[in-house]
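The structure appears below as C-alpha cells.
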Amino acid sequence: MPDLSQRHTFGIASRCRVLHEFCSVQQLLDLYPRETPCYIMGEGSNTIFTEDYDGQVLVNKIAGVEVCHEPGGVSLRVGAGENWHTLVAYTVEQGWGGLENLALIPGSVGAAPIQNIGAYGLEAGERIREVEVVDVATGRQFSLTQSECRFGYRDSIFKRAEAQSWVVTYVHFWLAEDIAPVTAYAELAALDNPTPVDIFNKVIDVRQQKLPDPAVLGNAGSFFKNPTITTTQYNELKKTHPAIPGFVVSDQQVKVPAAWFIDRAGFKGQCKDGVCCYHRQPLVLVNQHHATGQALLAMARAIQHKVVQLFSVTLSPEVRLLGKQGRVEL
Ligand code: NAP
C-alpha cells in the first residue's frame, strides 16, 4: 500500500490502496476512478490524512508556465501542479509585481483558487483572471472567469457541492504593470516605498519567524479559520476582554484572529500525544513526535470545545481532514 506520510505536510503515518500522479488532463481522465473512494490532491499542505485512506489517491502534477506580454501587463497560464512559492519567486525575479504578499504559502498553484489563499492583505483571487477545470464525472473541460469563481474569504465556488467533481487544471493570472503595493498590514506598513522584492523578502522574513517550516516540523498551516462574528457579539466580548483584537469586515461583522481565542483558552505551547499547539502561532498545530490522527483530532476538538465554552465562538477547521472513506468533520 502506498505511503502517504510524505504526501501531506502534517506527516501522519498513513497509507492508501492505490496512488497515481497525473501530468495532463487526459492522464487524469484515464486514471479516474479506478477505485472508490478517490481523492484528488496537490501538495497536501491543506489536507491531513488522519488514518489509512481506503481508496485511490490522484496527485496533480500538471506543470508549465506560459507567459504572454500584453499591453498594460503580463498574463500567465500556470499548470495546477506547479509549486505556489516557486511561481511567486519567479514572478518577483522577473520584476512583475502582484503576488509578492503571498510568498512562502505552502502548496500548489491549483490549490490557490480553491482556498482563495490570502496573506498580508492580498488574496490570490484578486490576481486570477481565469481558472481551467475538468469535470471528472463527465470529462467536460471548461473555464471560469474571475467573477464566476465567486471568491470570498478562503472560499470559492470550488468548495461548493456543484464543484465536487471538478479538478483545477490551469490557473491564469493577470499582473498589471500599475498594480499598487499592498502594505496595509502592520508587518509591511513600515516599509518605505517598497518594491515587490522588498515586500517578498519581508513576508518571507515574518513567516519564517512565526510559522514552522513543514519540511522540518509537520504542520498544515492555519488549522482553523479566523472567525467572523457579529459586531454585537464582538462588543459583548470586549466588555469582559478589553484587549480582544478585531478587524471590521462590514457594518455588522468583525473578524477576530482565531489565534487570540486559542491562546486565551490556554492551548498555546501545549502538547499531548505528539501533537502541539505551536508556541509562536497557536493557530498552527504541529506534528511534534509521531502524532496519530486520533491525537490530532483530540487536540483540535479540545480547542474547539474550550473556545465555545469560554467565548461562544465556534472555530471551523481550515484544513481538510480525511478518514478511511473520505472527509471527516471535527
Ligand atoms: P496575523 O497576521 O497575526 O493576522 C491574524 C488575523 O488578523 C487574520 O485574520 C488577519 O486577517 C487579521 N489581520 C491582521 N492585520 C489585519 C489588517 N491590517 N486588516 C485586516 N485584518 C487583519 O496572522 P498570521 O497567522 O500570522 O498569518 C499572516 C497572514 O497569512 C494572514 O494574512 C493570514 O490570513 C495569512 N495566512 C493564510 C493562510 C491561508 O491562506 N491558508 C494560512 C496561514 C496564514 P486575514 O486572515 O484576512 O489576513
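Read the figures in this text as sums done on the coordinates, not as results from a lab. These numbers were taken from a predicted model, which means no experiment stands behind them. Reconstructed Cβ throughout: ideal geometry from the backbone, glycine too, with neighbour counts over all protein chains shown.
For Gly152, are the conditions met, namely being surrounded by fewer than 16 Cβ atoms within 10 Å (Cβ to Cβ), more than 29 Å from Gln6 (Cα to Cα) and within 14 Å of the ligand (Cβ to nearest atom)? Give the derivation first.
Details: surrounded by fewer than 16 Cβ atoms within 10 Å (Cβ to Cβ): yes; more than 29 Å from Gln6 (Cα to Cα): yes; within 14 Å of the ligand (Cβ to nearest atom): yes.
Criteria met by Gly152.
Looking only at residues that are over 22 Å from the mean Cα position of the chain (by Cα) and within 16 Å of the ligand (Cβ to nearest atom) in segment 252-264, which one is surrounded by the most Cβ atoms within 10 Å (Cβ to Cβ)? Outline the logic, then answer.
We begin by selecting, within segment 252-264, every residue over 22 Å from the mean Cα position of the chain (by Cα); these are 252-253, 264.
Next cut, within 16 Å of the ligand (Cβ to nearest atom) only: 253, 264.
On the way: Gln253: 15, Arg264: 17.
Top of the filtered list is Arg264.
Condition first: buried (at least 16 other Cβ atoms within 10 Å of the Cβ), more than 28 Å from Ala13 (Cα to Cα) and within 16 Å of the ligand (Cβ to nearest atom). Can you find one or more residues in segment 293-307 that meet it?
Within segment 293-307 (the criterion being buried (at least 16 other Cβ atoms within 10 Å of the Cβ), more than 28 Å from Ala13 (Cα to Cα) and within 16 Å of the ligand (Cβ to nearest atom)), the answer is yes, since at least one residue qualifies.
For segment 112-145, which residues satisfy the criterion of being touching a residue at least 60 places away in the same chain (Cβ under 8 Å), touching a Phe, Trp or Tyr at 6+ places or on another chain (Cβ under 7 Å) and not β-branched (Val, Ile, Thr)?
Tyr120, Gly121
Looking at Val313 and the list (1) under 18 Å from Ser222 (Cβ atoms); (2) assigned to a helix (DSSP H, G or I), which single condition is not satisfied?
(2)
I'd like to check something: does segment 165-184 contain any residue that is among the hydroxyl-bearing types (Ser, Thr, Tyr), away from the ligand (no atom under 14 Å from the Cβ), under 23 Å from Pro37 (Cβ atoms) and in contact with a strand residue (DSSP E or B) (Cβ under 6 Å, 6 or more places away or on another chain)? So that I can check it myself, show each step before the final result.
So in segment 165-184, the residues among the hydroxyl-bearing types (Ser, Thr, Tyr) come out as 165, 169-170, 183.
Restricting the remaining residues to those that are away from the ligand (no atom under 14 Å from the Cβ) gives 165, 169-170.
Add one more test, that the residue is under 23 Å from Pro37 (Cβ atoms), and what stays is 165, 169.
Among the residues that remain, those that are also in contact with a strand residue (DSSP E or B) (Cβ under 6 Å, 6 or more places away or on another chain) are: 165, 169.
So far as segment 165-184 goes, yes, one or more of its residues are among the hydroxyl-bearing types (Ser, Thr, Tyr), away from the ligand (no atom under 14 Å from the Cβ), under 23 Å from Pro37 (Cβ atoms) and in contact with a strand residue (DSSP E or B) (Cβ under 6 Å, 6 or more places away or on another chain).
Taking segment 64-98 only, how many residues are within 26 Å of Ser45 (Cα to Cα) and in contact with an Asp or Glu (Cβ under 6 Å, 6 or more places away or on another chain)?
The total comes to 2.
If you check Leu330 against the conditions, is it surrounded by 15 or more Cβ atoms within 10 Å (Cβ to Cβ) and in contact (Cβ under 8 Å) with a residue 40 or more places away in the chain?
Numbers: surrounded by 15 or more Cβ atoms within 10 Å (Cβ to Cβ): yes; in contact (Cβ under 8 Å) with a residue 40 or more places away in the chain: no.
So Leu330 fails the test.
Give Ile48, Ile62, Ile128, Ile114 a once-over and let me know the one that is over 30 Å from Arg34 (Cβ atoms) and of a type in the set (A, V, I, L, M, F, W, C). Spell out how you get there, then give the answer.
Details: Ile48 fails: over 30 Å from Arg34 (Cβ atoms); Ile62 fails: over 30 Å from Arg34 (Cβ atoms); Ile114 fails: over 30 Å from Arg34 (Cβ atoms).
Exactly one of Ile48, Ile62, Ile128, Ile114 is over 30 Å from Arg34 (Cβ atoms) and of a type in the set (A, V, I, L, M, F, W, C), namely Ile128.
Specify which of the listed residues (Thr228, Thr195) is among the polar types (S, T, N, Q), in contact (Cβ under 8 Å) with a residue 12 or more places away in the chain, within 10 Å of the ligand (Cβ to nearest atom) and farther than 20 Å from Gly107 by Cα.
Criteria check complete, one pass: Thr228.
In this structure, does Leu211 turn out to be within 9 Å of the ligand (Cβ to nearest atom) and not charged (D, E, K, R)? Walk me through it before giving the result.
Values: within 9 Å of the ligand (Cβ to nearest atom): yes; not charged (D, E, K, R): yes.
Yes: the conditions hold for Leu211.
Could you pull out the residue among Val78, Val109, Val67, Val92 that is in contact (Cβ under 8 Å) with a residue 40 or more places away in the chain, of a type in the set (A, V, I, L, M) and surrounded by fewer than 22 Cβ atoms within 10 Å (Cβ to Cβ)?
Details: Val78 fails: surrounded by fewer than 22 Cβ atoms within 10 Å (Cβ to Cβ); Val109 fails: surrounded by fewer than 22 Cβ atoms within 10 Å (Cβ to Cβ); Val67 fails: in contact (Cβ under 8 Å) with a residue 40 or more places away in the chain.
Among Val78, Val109, Val67, Val92, only Val92 is in contact (Cβ under 8 Å) with a residue 40 or more places away in the chain, of a type in the set (A, V, I, L, M) and surrounded by fewer than 22 Cβ atoms within 10 Å (Cβ to Cβ).
Conditions first: (1) touching a residue at least 60 places away in the same chain (Cβ under 8 Å); (2) more than 22 Å from Gly152 (Cβ to Cβ); (3) assigned to a helix (DSSP H, G or I). Ile262 passes all but one, so which condition is the exception?
For Ile262, the exception is condition (1).
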